[in-house]
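One structure is given here, and the rest of the page talks about it.
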Amino acid sequence: MKPADRVELFKRFRAANPKPVTELEYQTPFELLAAVLLSAQATDRSVNAATRLLFAVARTPAAILALGVEGLEPYLRTIGLYRSKTKHLIETCRILVQAHGGEVPRDREALEALPGVGRKTANVVLNTAFGEPTMAVDTHIFRVSNRMKLAVGKTPRQVEDGLMRAVPTDALVDAHHWLILHGRYVCKARKPECWRCPVADLCPYRPKTPDPLAADAPAPRAQAKSSGQAPTASRRRVQSES
Ligand code: SF4
């Protein structure tokens, strides 16, 4: 994508959503870290449903550590991979209490040393809790960046590095949220909704998905008859179905 188009792309994302936020519910860096850790291969909705109950009784590393695996597991049962996530969260809390005074470190290396925390989770925490310009490349950002040729790559790390070079400086902090939301609601995995995409004219992806309503709109029979025009394939289909 050309530099001028990249600037325009993020100008439009900003105009439509000036303050993009994560859909995970949290109030502190630790709650965000816990929610992101739990969100791997699970929906934000299922994580929010679980953490609403959990954070009502335990919202600090010390409090969750005190629950222990047996006390924590019932809160996480509705989330995919809950057994391993329970163990990871307990061990993460133990390290936060013992090595970081119960606080979430603002440091990539320290974050990635926590059980269940990889580069993507560290990037989310650094970006969303601490406002750092990082790109947490999830499945949505990976797909959208490649389709739009904003950052092309075969691995999340390649796309992350490409985005850090391609995204205009003033959009770096918010780009991660804009791209996730765009992928989640418009540029969907199975069928991108190009017909209602606000950046379609900037996007080189082909073929663009046409508006399904326009494609299926039945041709007015009377008009076809009166014009003497032979029905097209789609008109024939519509007529035989009626
Ligand atoms: S035009 Fe289509 S492929 Fe391109 S960003 Fe929009 S929805 Fe995605």
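The values are calculated or read from the model by the stated rules, or taken from the named source; none is laboratory data. Quantities reported herein were computed from a predicted structural model and do not represent experimental measurements. Counting neighbours? That spans all protein chains shown, and the Cβs are built from the backbone with ideal geometry, glycine included.
Give Pro168, Pro156 a once-over and let me know the one that is away from the ligand (no atom under 14 Å from the Cβ), farther than 20 Å from Val124 by Cβ and touching a residue at least 12 places away in the same chain (Cβ under 8 Å).
Working: Pro156 fails: farther than 20 Å from Val124 by Cβ.
Just a single option satisfies the conditions, and that option is Pro168.
Only one residue in Val152, Val167, Val173 is surrounded by 23 or more Cβ atoms within 10 Å (Cβ to Cβ) and not acidic (Asp, Glu), so which one is that? First the steps, then the outcome.
Values: Val152 fails: surrounded by 23 or more Cβ atoms within 10 Å (Cβ to Cβ); Val173 fails: surrounded by 23 or more Cβ atoms within 10 Å (Cβ to Cβ).
Going through Val152, Val167, Val173 in turn, just one is surrounded by 23 or more Cβ atoms within 10 Å (Cβ to Cβ) and not acidic (Asp, Glu): Val167.
Quick check: is even one residue across the stretch 23-38 of a type in the set (Asp, Glu), assigned to a helix (DSSP H, G or I) and at pLDDT below 95? Before the answer, list the steps.
Restricting attention to the stretch 23-38, the residues satisfying the condition of being of a type in the set (Asp, Glu) are 23, 25, 31.
Filter once more, keeping what is assigned to a helix (DSSP H, G or I): 31.
Pick out the ones that are also at pLDDT below 95 and you get none.
Looking through the stretch 23-38, none of the residues is of a type in the set (Asp, Glu), assigned to a helix (DSSP H, G or I) and at pLDDT below 95.
Out of the residues in the stretch 180-196 meeting the condition of being surrounded by 18 or more Cβ atoms within 10 Å (Cβ to Cβ) and near the ligand (Cβ under 10 Å from one of its atoms), tell me which one is farthest from Pro156 (Cα to Cα). Reasoning before the result, please.
If we filter the stretch 180-196 for residues that are surrounded by 18 or more Cβ atoms within 10 Å (Cβ to Cβ), which is where we start, we get 180-183, 187, 192, 194.
Checking which are near the ligand (Cβ under 10 Å from one of its atoms) leaves us with 182-183, 187, 192, 194.
Values: His182: 17, Gly183: 15, Cys187: 18, Pro192: 20, Cys194: 24 Å.
Among residues in the stretch 180-196 that are surrounded by 18 or more Cβ atoms within 10 Å (Cβ to Cβ) and near the ligand (Cβ under 10 Å from one of its atoms), the one farthest from Pro156 (Cα to Cα) is Cys194.
Quick one: what pairs do we get from the stretch 181-199, first residue free of Cβ contacts under 8 Å to residues at least 60 places away in the same chain, second near the ligand (Cβ under 6 Å from one of its atoms) and of a type in the set (Lys, Arg), C-beta under 7 Å, 6+ apart or different chains?
If the second residue must be near the ligand (Cβ under 6 Å from one of its atoms) and of a type in the set (Lys, Arg), the pairs left are Cys187/Arg147; Pro192/Arg147; Cys194/Lys208.
Looking only at the stretch 185-216, count how many residues are hydroxyl-bearing (Ser, Thr, Tyr) and part of a loop (DSSP other than H, G, I, E, B).
Total meeting the criteria: 2.
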